[in-house]
Amino acid sequence: MRGILVKGSLFFAIFILLLVSGNFANATPATQAGEYSSDDFAYESRCRQCHAIIYADWEGTMHFNAYLDPFYLEEVKIASEDTDGELDEFCSRCHTPIGVVSGEIPPIDGSEMSDIARLGVQCDFCHVVSGSNGTGNAPFTVSPGDTKWGPFNDSRDAYHKSEYLELYTQSEYCGMCHQVINPVNGLVIDDTYSTWKESQYAEENVVCQDCHMTEGITEFKANPGRASSSAPKRDHISSHDIVGANTLIPPMFGAENVAEMAVERLEKATTIELTAPEIASAGDEVTIDVAITNSGAGHKIPTGVSEIREIWLEVTATDANGESIYDAGSLDADGNIIDAKMLYNNVLGDTNGEETKSFWLAESILEDNRIAPKETVTEHHSFVLPENAVYPITVESTLKYRSAPQDMIDHLLGEETEVPVVDMNEMSAIIYDPSTPANERTQPEPESESTPGFGVVTAAMVLGFTMYVLKRK
Ligand code: HEC
Ligand code: HEC
Ligand code: HEC
Ligand code: HEC
Ligand code: HEC
C-alpha cells in the first residue's frame, strides 16, 4: 500500500517538476523498471576499441563509480532498512540505471546484478538515452540497440548508427539525475539543476557540459580532435572526465588523476578577499573580514548531497614567534571542525525537526547556508591583540572543502579512511607594529588569476600529448 503511495508521489513530483520547468517539448515516457534485459546493453570494452580517449577519460570518474562507490553502498543499505525497501528502485535508478531498467535491482543487495549493471553511469547507458520526461528523479527514456545518440548532427554510421539529439548539449540532460526529490514528501534534496536554472549561467546559456566536459572548468573551452580513431577531425570533442569535487572515492579505484582534477576544479570555484588592518597596538580589538565569492561554479557550492559536503573557512592569527593568537575552523585530532564561523552546506530536518544527514528521511530544510552562483558572503572575525605578541602578526584565511564529515566516514567505512581536506583558496595579510614606517609594511602577494598555475600547465601538457597521440594514429 505504501509502495503505491510512494510511486504515486514520485510521479506527482516529476509531474510538478515538469510543470515548473515547462519541458514538454521533447517529453517521452520514462523507461520503466524491468523493461529491458542487461543483455540489451553493450559493454564499455566494445566502445573503447574505437573511442579510446573518451574511455580513458571516463574510467575512474564518479560516473564509473556510481554504483561501486562504497559510500553509496553503505548509505543505500541504511536507506533500504529505514524505508523497508521502498526506496530501493528510487536510489538505484541513478546509481545503476542499467540495473533498474533490466529489473536486476531490487534486491538491493545486488545479488542478481550482472557485471554490466555494476558499471554505474556508463557509455551504453548514457548514449542510448533517446529522450526524457523532464528533469529530476531520472525520467530518462532509453532505447538500447544499434543506434547511439549524441551531440553530432552529421555523424556517419560506423559500427553503430548515430543519431543526433539536442538534449545531449543541454543542462536538462544532466538535470535528469542531478536533481533529486524525495518521492515520499516532494522535498528537493539535490537541487544542482534548479540552482543552475535560476542563475545567470542559465540566462547566458552556459550549460553543465561547458564547465564539466571541457578543460575550461569555469567556462567553455574548445578541444579540437577526433571522437574516434577513424573519425574526421572536429573543432570540439567533449572530454568525458566529468569531474566534480570528490577526492575521497576515485583514489580507492586507483584514479588519483580524477582526484587531482577535482582539486583543480575546487581551486577555481571561488575568489576570496581578506581585509585586515595594516597596524594594530597591543590590547586593540582587531577585526578581520573575509569575503568569499562563488565566482566559478554554475550552481550553489557545495552542491549535490550538500547536507553531507562541507565547506568552511579557517582563519588563524600567529605572531612572529609562531604563537597562536586566534584560531577558527581548524581540525581537532579526530578530524572535527572547531569553532568555524559557518559551515556552508544544507541542513536537513527529519520528522521531529532535528538535523539529519539521512536525506531519505528528511522532511524539511532547516538552513541553507550554501553560496549561490556569483554570490558573495562575508565572515567577520575579531580578536584582541595580546600584550606579549611579537610583531609582525600573520593572519591567514583558507577556504576548505571535504566530501563528508570525518566521523560519518569513520562510522561507515572505518577509521582508517581519512577524508581528504582540500584547500580551495587562501589569502593572508600581515599586521605591523604602529611604529613600523609605512614603506616597510609589505603585504603578501594575493594569488593572481592570470598566472598559469600547475593545473593550467598540466592541462596544456595533456592536450599536447593527446594531439600527439591523435596525429600518430
Ligand atoms: C553521463 C553520461 C555520459 C557518459 C557516462 C558517457 N557519455 Fe559520451 N557524451 C555525453 C554527452 C552529454 C555528450 C555531448 C557533450 C556535448 O557535446 O556537449 C557526449 C559525447 C560523446 C561523443 C561525441 C564526441 C564528443 O566527445 O563530443 C562520443 C563519441 C561519446 N560521447 C562516446 C562515449 C563513450 C565511448 C563513453 C564511455 C567510455 C561515453 N561517451 C560515456 C554523455 C555521456
Ligand atoms: C568500430 C568503431 C566504433 C565502435 C566499436 C563504437 N563507435 Fe561510436 N562512433 C564511431 C565513429 C567512427 C563515430 C563517428 C564520429 C564522428 O562523426 O566524429 C562514432 C560516433 C559515436 C557517437 C556520436 C554520435 C552522434 O551522432 O553524436 C556516440 C555517442 C558513440 N559513437 C557512442 C558509442 C558507444 C556508446 C559505443 C559502445 C557501445 C561505440 N560508440 C562504439 C566508431 C565506433
Ligand atoms: C560555470 C561553470 C559550471 C557550470 C555551468 C556547472 N558547474 Fe558543476 N561545478 C563547477 C565547479 C567549479 C565545481 C567545483 C566546486 C563545487 O564542488 O561546488 C563544480 C562542482 C560540481 C559537482 C560536485 C559538487 C560537490 O560539492 O559534490 C557536481 C555534482 C556538479 N558540479 C554538477 C553540475 C551540473 C549537473 C551542472 C549543470 C546543471 C553544473 N555542474 C554546472 C562548475 C560548473
Ligand atoms: C543516469 C543519471 C546521471 C546522468 C544522466 C548524469 N549524472 Fe552525473 N552523476 C550521477 C551519479 C549517480 C553520480 C554520483 C555517484 C556517486 O557519488 O556515488 C554522478 C556524479 C557526477 C559528478 C561528480 C561529482 C563529484 O562530487 O565529484 C559530476 C561532476 C557529474 N556527475 C556531472 C554530470 C554532468 C555534467 C552530466 C551531464 C552531462 C551528468 N552528470 C549526467 C548520475 C548521473
Ligand atoms: C535522481 C538521481 C539520484 C537518486 C534518485 C539518488 N541519487 Fe545519490 N547521488 C546522485 C548524484 C547526482 C550524486 C552526486 C552528487 C554530488 O557529487 O554531490 C549522488 C551522490 C550520492 C552519495 C554521495 C556519494 C559520495 O561518494 O560522495 C550518496 C551516499 C548517495 N548518493 C546515496 C543515495 C541514496 C541512499 C539514494 C536513495 C535514498 C540516492 N542516492 C538516490 C543522484 C541520485
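Values quoted throughout were computed directly from the atomic coordinates according to the rules given, and no laboratory measurement underlies them. Note that the structure is a prediction, hence the values are computed from the model and not measured. Backbone-built Cβ (ideal geometry, glycine too); neighbour counts: all protein chains shown.
In the calculated pair distance distribution of the chain, what percentage of Cα-Cα distances lie above 39 Å?
Result: 28 percent of Cα pairs exceed 39 Å.
With 22 Å as the cut-off, how large is the P(r) tail for region 2-243, expressed as percent of Cα-Cα pairs?
54 percent
Just want the answer: with Cβ charges of +1 for Lys and Arg and -1 for Asp and Glu, which residue in Ala30, Phe359, His299 is farthest toward the dipole's positive end in the chain?
Final value for the positive-end residue is Ala30.
Per 10 Å bin, what percent of the C-alpha pairs of region 211-325 does each bin hold, from zero upward?
11, 29, 25, 19, 10, 4, 1, 0
According to the square roots a ≥ b ≥ c of the eigenvalues of the Cα gyration tensor, what is the shape class of region 371-443, taking rounded for a/c under 1.5, prolate for a/b larger than b/c otherwise, and oblate for the remainder?
Note, shape of region 371-443 comes out prolate.
To one decimal place, what orientation-averaged projected area in nm² is obtained for the convex hull of the Cα set of region 105-147?
Dividing the Cα hull surface by four gives the mean projection, 3.8 nm².
Using only Cα atoms, find the angle between the long axis of helix 454-472 and the longest principal axis of the chain, and express it within 0 to 90 degrees, rounded to the nearest 10.
Once rounded, one gets 30 degrees.
Give Lys268/Lys357; Lys77/Lys161; Lys197/Lys268; Lys161/Lys221 a once-over and call out the pairs whose C-alpha atoms are over 31 Å from each other.
With Cα atoms farther than 31 Å apart: Lys77/Lys161.
Under the rule of -39500 (n - 2.57) per DSSP H run of 4 or more residues, summed and divided by the residues of the chain, what mean residue ellipticity at 222 nm is obtained, to the nearest 500 deg cm²/dmol? Walk me through the numbers on the way to the answer.
Details: 14 runs with 122 residues, N = 473.
Roughly -7000 deg cm²/dmol at 222 nm, from the helical runs in the chain.
Please work out the Kirkwood hydrodynamic radius for region 266-442, using every pair of different C-alpha atoms, and report it in angstroms with one decimal place. Show your work: numbers first, answer last.
On the way: mean 1/r = 0.0562 Å⁻¹.
For region 266-442, the Kirkwood estimate is 17.8 Å.
Give me the extension gain from Asp284 to Ser229: residue separation times 0.36 nm, minus the current Cα-Cα distance, reported in nm with one decimal. Let's see the in-between values first.
Values: separation 55, 0.36 × 55 = 19.80 nm, distance 6.75 nm.
Gain on extension, Asp284 to Ser229, equals 13.0 nm.
Quick check on region 94-171: what does the Kirkwood estimate of hydrodynamic radius come out to from the alpha carbon pairs, in Å?
When all Cα pairs of region 94-171 are included, the Kirkwood radius is 13.6 Å.
Compute, for the chain, the length of the dipole vector about the Cα centre, with Cβ point charges of +1 (Lys, Arg) and -1 (Asp, Glu) only. Units Debye, rounded to 20.
2580 debye
Give me the dipole magnitude in Debye, nearest 20, for region 266-442 about the Cα centre, with unit charges on the beta carbon: positive for Lys and Arg, negative for Asp and Glu.
800 debye
For region 146-294, taking Cα atoms only, what is the radius of gyration to one decimal and the Dmax to the nearest whole Å?
21.3, 77
Roughly speaking, what is the stretch gain from Asn321 to Leu73, that is 0.36 nm per residue apart minus the C-alpha to C-alpha distance, in nm to one decimal?
84.5 nm
If one takes the longest principal axis of the Cα atoms in the chain, at what angle in degrees, from 0 to 90 and to the nearest 10, does the Cα axis of helix 2-21 lie?
That works out to roughly 70 degrees.
For the chain, take the longest principal axis of its alpha carbons; what is the angle in degrees between that and the long axis of helix 256-268, to the nearest 10 within 0 to 90?
Helix 256-268 sits roughly 60 degrees off the main axis of the chain.
Just how far, in whole angstrom, is region 168-212 from region 366-437 if you go by their alpha carbon centroids?
If you average the Cα positions of each part, the centres end up 29 Å apart.
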